[in-house]
Amino acid sequence: MARLSIGEAEELLGLPASTLRHWEKALSVLGPRKDGFGRRVYSEAELRLLFRIKYLSQERGFGLKETEAEILAELGAPRAEARALLSEIRGDFIGLWLANRDSKRRLEGGSKSSDQGPRNTKTAKDAS
């Protein structure tokens with residue numbers, strides 16, 4: 001799967017990049033890699049983790065320490081099958097989002113040439 005930039009992760013999660021950077025500093029479980037230019041790139045697993053962090057902190061009202069403790073507990077929890085299924089569903093969602101983004105880019109790229117309006121097709125004969 002392709003890796004997402006911080007801007008793409010920001011769009012997918014509906015969170016500002018500053019929040020993602022803050023979570024990266026505050027939570028030891030989160031540490032996206034950086035490319036050769038020092039830009040953060042998020043893998044599918046990191047995106048799943050970000051969705052979970054968002055849910056726990058924003059929907060459930062957990063602080064970051066509580067969120068990290070919950071995630072660490074979940075990683076060692078015996079309900080591995082259910083968690084694996086949820087992880088797979090999140091991965092499918094991310095894959096669909098990426099496919100939608102790519103289709104949108106192709107459509108926007110293809111429409112530029114057709115948005116130029118009608119061409120002037122008069123010939124020298126028509127002008128006289």
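If I go through the range 1-24 residue by residue, how many of them are farther than 20 Å from Thr67 by Cα and either in a helix (DSSP H, G or I) or not aliphatic (A, V, I, L, M) (or both)? Number of matching residues: 7. It is to be established whether one or more residues within the range 92-110 are touching a residue at least 40 places away in the same chain (Cβ under 8 Å), in a loop (DSSP other than H, G, I, E, B), out of contact with any Cys (no Cβ under 7 Å at 6 or more places or on another chain) and small (Gly, Ala, Ser). No, because not a single residue in the range 92-110 is touching a residue at least 40 places away in the same chain (Cβ under 8 Å), in a loop (DSSP other than H, G, I, E, B), out of contact with any Cys (no Cβ under 7 Å at 6 or more places or on another chain) and small (Gly, Ala, Ser).
The condition of being modelled with pLDDT under 80, more than 18 Å from Ser5 (Cα to Cα) and of a type in the set (Lys, Arg) holds for only one of Arg119, Arg106, Arg60, that being Arg119.
Taking residues in the range 31-50 that are within 11 Å of Gly91 (Cα to Cα), and partners anywhere that are charged (D, E, K, R), the pairs with Cβ atoms closer than 6 Å and at least 6 places apart or on different chains are Ser43/Arg3; Arg48/Arg90.
Restricting attention to the range 25-38 and to residues that are part of a loop (DSSP other than H, G, I, E, B) and at pLDDT below 90, the residue that is nearest to Gly76 (Cα to Cα) turns out to be Val29.
The values are calculated or read from the model by the stated rules, or taken from the named source; none is laboratory data. Everything numeric in this text was worked out from a predicted model, so none of it was measured. When we count neighbours, we look across all protein chains shown, and the Cβ atoms used for this are built from the backbone with ideal geometry, even at glycine.
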